[in-house]
Amino acid sequence: MEKPIHTLMGNLSEGDSNRSIHRRQWDDRHVDGVTRAWLDVDSRCFLHQSLSTPCLNVLTESRGATLTDLQGRSLLDFHGNSAHQVGYGHPRVMAAVTDQLKRMPFCPRRYTNAPAIELAETLAAITPDPLGKVLLAPGGTSAVGMALKLARMATGRFKTISMWDAFHGASLDAISVGGESLFRTGIGPLLPGCEHVPPADPYRCLWDPGGNCDTCGLKCARYIEYVLEKEADIGAVIAEPMRCTAVNPPPAGYWKRIREACDRHGALLIFDETAVCLGRTGRLWAFEHEAVVPDILILGKGLGGGVFPLAAIVARTDLDIALDKALGHYTHEKNPVACAAARATIEVIHSEGLVERSATLGSRALARLLSLKEGIDLIGDVRGRGLLFGMDLVLDRHAKTPAVDQADQIMYACLEMGLSFKVSHGSFLTLTPPLTISDDQLDHALSILEKAFQKR
């Protein structure tokens, strides 16, 4: 008997690594012998893990907003692991990388270099006061660890508040503050002192089922206030200013209350913008939507220009207190090539007006998806900010029962027509195109999505 897809996908966490009937049908139609041979070698060589095994396909090129597979087929990439704000292979980023590779490909620790210094100056300049001190890391998970260490040193407290369903990386410290069961279950003892609270989700209010944030009076914020009052040794609240995977902007006024509560109780506010920084939400920083500034900002993914892994923390200037401690101390902390890519990426975002473009095209995409929703009962919610948008598929709009099999079916139908995106939590279609996407490419991608629904 065919196992139900929710069993095959475990706890419905993000990712499309499953063995559903739709996956097998896609394989039968689109994976030729040469591709299969490469996938088989991949499976033999790599340790298997959820969300990346088995691999779906083999790519040979990424350029702009497009991926090309081994069979020469093109896909518009509305996934990109949220790392392709300026697309793939942007000429200015590639020129900066090539030039730096020729001159100085690596900088040993104990030395510094101009690209790293200039990047730190740039990050300090484009973040609001009192932010201004920078540390670089080879990835977002490492940056989360540095932020947690700094919060302990600054407050003398080791406890944190974070949210169920949140994602802050896959290392042991990051999954301890993270809230996705896929990463936590069966691992054993995690970092002590990690308090968790329900997420702020105006689309699925836990406090007033069937209601909304106006009727419940921000009980989600009050809950955090209560924990801060009762647990006197909370050093930090760490959270995504908005949840990326299921596109969950917080209710109005939520972060303002949390900011005020942190100030009252001496806890730091850490915003993890690894996936939503640098214009993704139609503002340079997602926290700008909330008119709140964190004590420590974490950024990554798109910072490397879709070329190099690079992340950073930008902290309040007065938090420069770890003179005799090691917060990160990573081998590639000040990699000159990665820093050159990041500086070029930020220059492209500013010079090409990509933040404004994200806001404009995002509004256009959202309007089109809302129009599509009117005629399709399967679409429960449509939401977005900038070029981070998507839709929640449900079997019943009132009960909001996840339409897991249907989401899987839609995703593979779109892949067949040339559009790649992510399915989050089993039933949410998450679309994150490059901010450099052309008008025609955006329209074509949305037309593919519409056709997939019409084919059902």
Whole-Hz ³J(HN,Hα) from phi, Karplus 6.51 cos²θ - 1.76 cosθ + 1.60, for region 262-274, glycine and proline x
4, 5, 5, 9, x, 9, 7, 9, 10, 9, 9, 9, 3
Find the relative contact order for region 91-351 and round it to a whole percent, using C-alpha pairs within less than 8 Å whose residues are 6+ positions apart.
31
HN-Hα J in Hz across region 68-79 - Karplus 6.51, -1.76, 1.60, θ = phi - 60°, x for Gly and Pro:
10, 8, 4, 8, x, 7, 9, 10, 6, 9, 9, 10
Please compute the modelled spin-label separation between residue 185 and residue 377, points set 7 Å along Cα→Cβ, answer in nm with one decimal.
3.1
Please give the peptides 428-440, 236-248, 187-199 ranked by average Cβ packing (other Cβ atoms within 10 Å per residue), highest first, as a rough proxy for protection.
236-248, 428-440, 187-199
Other-chain or far-sequence residues with amide H under 5 Å of residue 268's (modelled H)
236, 237
Hey, can you rank 386-392, 317-323, 283-289 by average C-beta count inside 10 Å, highest first?
386-392, 283-289, 317-323
Non-local residues with an amide H under 5 Å from the amide H of residue 240, with H modelled 1.01 Å from N and Pro and chain starts lacking one, are 272
How long is the gain from residue 125 to residue 399 if the chain were fully straight, where each residue apart is worth 0.36 nm and the alpha carbon distance is subtracted?
94.0 nm
Mind ranking 415-424, 307-316 by how tightly packed they are, going by the mean number of other C-beta atoms within 10 angstrom, highest first?
307-316, 415-424
Sorted largest first, the C-alpha extents of the chain along its principal axes in whole angstrom are 59, 59, 44
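Over 29 Å between C-alpha atoms is what I'm after, so list which of 133/301; 102/325; 301/373; 422/455; 256/325 land there.
Violating the 29 Å Cα-Cα cut-off are 102/325; 301/373; 256/325.
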Scoring the chain by relative contact order with C-alpha pairs under 8 Å, at least six apart, yields a percentage of 22
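Computed from the coordinates by the stated procedures, all read-outs in this text should not be read as laboratory data. Computed from a predicted structure; not experimentally measured. We place every Cβ from the backbone using ideal geometry, glycine too, and count neighbours over all the protein chains shown.
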